[in-house]
Amino acid sequence: EELTSTLNGYFSAMTPHILEEKGTIDKFIGDAIMAFWNAPLSIPNYVTHAVASAVRMHDALLVFNTSHHTTLAMGVGIHCGEVIVGNVGGKDRVNYTILGDAVNLTSRLEGLTKKYGVHTIVTENVVKATVGDLYQFRLLDVITVKGKSIPSKIYEVRKKADWDNDLITTYENAHEHYRKGMWDEAVELFKKYNDDEPSKLMLERIKLVRNQVDWDGIWRFDEK
């Protein structure tokens, strides 16, 4: 009963920030919310609305935790691409939902937020499609996810006002050295922000890959 009450309160706090940004709530999956944009109606700049929704939800979570004396954390994955939209199900019950490779990748991104210690991870498609100057992106990594062979560039997004520009520059320079196998240079730069979770992850990863003879700069995740 306590879990249900907390979840209902959490969902009630999150859903307005999806709906007010013109999103469609697909379903609640355990403690997760699946939502999509640009269907059933076309939405101008729908990717920007999705990014805005994620940022707003994280701000709302801080308020929720304070008012409910909880320590909930959340992660958001955002990707844009072609999907199938429509009613899916059996003859007795259907669900208006989306299917496709883009959906699977988005789900993987949500799971990766815990590994990188960030709130929201988006793809390069999202970065290119986001309009305006309210949000800023940091290149996190170049990866493949389970079941995929084509690499994806993934980014962290925050409100522009919340970013330290020197952190972004330092991290992205370090990551360029990392991709080229210039380990000592990469380590020196990653160590400049020892309280930055992605930097800490990269320092641990370099220990694993610096002796890899066929290093190509791409990290391959083999779990969901």
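The values are calculated or read from the model by the stated rules, or taken from the named source; none is laboratory data. Not measured: the values here are computed from a predicted model. Cβ sites come from the backbone with ideal geometry, for glycine too, and all protein chains shown count toward neighbours. The area values use the complete protein model at the heavy-atom level, side chains included, leaving out ligands, DNA and RNA. Shrake-Rupley method; radii C 1.70, N 1.55, O 1.52, S 1.80 Å.
Condition check ((1) modelled with pLDDT under 95; (2) among the hydroxyl-bearing types (Ser, Thr, Tyr); (3) open to solvent by 40 Å² or more (accessible area, probe 1.4 Å)) across all residues:
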| residue | (1), (2), (3) |
| --- | --- |
| 2 | yes, no, yes |
| 8 | no, no, yes |
| 26 | no, no, no |
| 39 | no, no, no |
| 57 | no, no, no |
| 74 | no, no, no |
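Contact map, segment 4-26: first residue part of a helix (DSSP H, G or I), second residue open to solvent by less than 30 Å² (accessible area, probe 1.4 Å) and of a type in the set (Asp, Glu), Cβ cut-off under 9 Å, separation 6 or more or different chains; the map is empty.
Could you please give the count of residues in segment 187-212 that are among the hydrophobic types (A, V, I, L, M, F, W, C) and either touching a Pro at 6+ places or on another chain (Cβ under 6 Å) or open to solvent by less than 10 Å² (accessible area, probe 1.4 Å) (or both)?
If we filter segment 187-212 for residues that are among the hydrophobic types (A, V, I, L, M, F, W, C), which is where we start, we get 187, 189-190, 201-203, 206, 208-209.
Right, trim to either touching a Pro at 6+ places or on another chain (Cβ under 6 Å) or open to solvent by less than 10 Å² (accessible area, probe 1.4 Å) (or both) and you get 190, 202, 206, 209.
Total satisfying the criteria: 4.
If the condition is being touching a residue at least 24 places away in the same chain (Cβ under 8 Å), within 25 Å of the chain's Cα centre (by Cα) and outside any helix (DSSP H, G or I), then segment 181-211 contributes only 196.
Summed over segment 149-186, residues that are under 16 Å from residue 216 (Cα atoms) and either open to solvent by 20 Å² or more (accessible area, probe 1.4 Å) or of a type in the set (Lys, Arg) (or both) total 12. Only one of the numbered conditions (1) within 13 Å of the chain's Cα centre (by Cα); (2) open to solvent by less than 30 Å² (accessible area, probe 1.4 Å); (3) closer than 22 Å to residue 10 by Cβ is not met by residue 61, and that is (1).
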